[in-house]
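Trainee: After the structure tokens below, expect a handful of questions from me.
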Amino acid sequence: MSITVKHISKYYKDLKALDDVSFEVKKGELFGLIGPDGAGKTTLFRILTTLLIADDGIATVADFDTTKDYKTIRNSVGYMPGKFSLYQDLTVEENLNFFATTFNTTIEKNYDLIKDIYIQIEPFKNRRAGKLSGGMKQKLALCCALIHKPKVLFLDEPTTGVDPVSRKEFWEMLKRLQLKGITILVSTPYMDEAALCDRIALIQGGKILEINTPEAIVKQYPKIIYNVSANNMHELIESLKSYQHTYNVYSFGEFVHYTDQRTDFSPEELKAYLMTQNLLEVTINKTKPTIEDAFMELAK
């Protein structure tokens, strides 16, 4: 295994940031840690990259213990933290040269690894990093994390605050890096990105809810979900919450996702109820569950 986490817990005074977390990541796998802000993702990343020490449990990265072999791990992994942490006053080229020198290598030596990414920012190589767009900062940070040819790449919420086009491009880059044999552990609050991983761990409140392939997690969803819409979204949600047979209800884009407690659910009956609540243009249609639906179910 490339990463092994066994019964890791971490406390901040009275707050348990991580609660008995265990999972494994195979060599060459693109593994996603999926959960909202405050779920414990960054704390776990800092433990695995030897920036924090766990209060309980053990973890290994590239077969090295995160406590005993921290110096070796730091030379074996690439880490892209959630917040842009490169030198804002240095240019693109200066930042990349700095990180290459830190790891006793050169841009030329490992250029084949970053070429596909670097050619996109090379026209701005003399621009200060602080003046780059969000997408360009993201690409520069990834290049700096890769310049020493790491065995394992840690990406903590790399697409937060980045436009949809740059997000898509970034995940395409990750797939290409995976083909080069690099193990990738990526965290994200975006449920749609979960489907792009080989396997995922859903995390909430410091606890792992489920670990499996995205397809298997969605397949396990136990109920039928309905897309419900009406002329007033707020009133629709409040009315559904008050409905005596409601099992679960939450907004999902332009619709409300609704599940019923009963096995003999009647959409017509629900529609009639909603119309008594002065709602108009009511539509109710079956829909397929998503990772977000599975997460909401597990989090209950």
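No lab work stands behind these numbers, since they all come straight from the coordinates. Everything numeric here is computed off the predicted structure, so don't read it as measured data. Because the Cβ atoms are built from the backbone with ideal geometry, glycine has one as well, and the counts that use them run over all protein chains shown.
Trainee: Let a ≥ b ≥ c be the square roots of the eigenvalues of the Cα gyration tensor of the stretch 225-289; is it rounded (a/c under 1.5), or, if not, prolate (a/b larger than b/c) or oblate?
Mentor: Note, shape of the stretch 225-289 comes out rounded.
Trainee: While we're looking at this one, here's another question. If each of TYR247 and ASP264 carries a label point 7 Å out from its Cα toward its Cβ, how far apart are those two points in nm?
Mentor: 1.6 nm
Trainee: How big is the charge dipole of the stretch 115-216 about its Cα centre, in debye rounded to the nearest 20, if each Lys and Arg gets +1 on its Cβ and each Asp and Glu gets -1 on its Cβ?
Mentor: Charge dipole of the stretch 115-216: 640 debye, to the nearest 20.
Trainee: Using the Cα gyration tensor of the stretch 184-300, with a ≥ b ≥ c the square roots of its eigenvalues, what is the shape: rounded (a/c below 1.5), prolate (a/b larger than b/c) or oblate (neither)?
Mentor: Working: a/c = 2.47, a/b = 2.17, b/c = 1.14.
Note, shape of the stretch 184-300 comes out prolate.
Trainee: Taking GluC sites (Glu not before Pro) as exposed when DSSP calls them loop (any state but H, G, I, E, B) and at most 15 other Cβ atoms lie within 10 Å, what is the longest stretch of the chain free of them, the sites themselves excluded?
Mentor: The longest uninterrupted stretch comes out as 109-253.
Trainee: Still on this structure, please answer the following. Quick one: what does P(r) look like for the chain with 10 Å bins over all Cα pairs, in whole %?
Mentor: Answer for the chain: a P(r) of 6, 24, 27, 21, 13, 7, 2, 0 percent.
Trainee: Would you mind getting me the FRET efficiency between GLU235 and THR287? Use the beta-carbon distance for r and R0 = 22 Å, nearest 0.05.
Mentor: Result of the calculation: an efficiency of 0.55.
Trainee: Another question about this same structure. Quick one: net charge around ASP260, please, counting Lys, Arg +1 and Asp, Glu -1 for every other residue with C-beta under 11 Å from its C-beta.
Mentor: Once positives and negatives cancel, what remains is 0.
Trainee: Set the bar at 24 Å for Cα to Cα. Now go through LYS41/LYS168; LYS68/LYS139; LYS71/LYS109; LYS241/LYS271; LYS26/LYS115; LYS71/LYS131 and name every pair that lies beyond it.
Mentor: LYS68/LYS139; LYS26/LYS115; LYS71/LYS131
Trainee: While we're on this one: Under 8 Å for C-alpha pairs, at least 6 residues apart: give me the relative contact order for the stretch 220-262, rounded to a whole percent.
Mentor: Result for the stretch 220-262 is 43 percent.
Trainee: Hey, another quick one. Pop a pseudo-label 7 angstrom from the Cα along the beta-carbon direction at both THR72 and LYS219 and give the gap in nm to one decimal.
Mentor: Label at THR72, label at LYS219, 3.8 nm between them.
Trainee: Hey, how many Å between the Cα centroid of the stretch 106-155 and the Cα centroid of the stretch 260-280?
Mentor: What the calculation gives is 53 Å, centre to centre.
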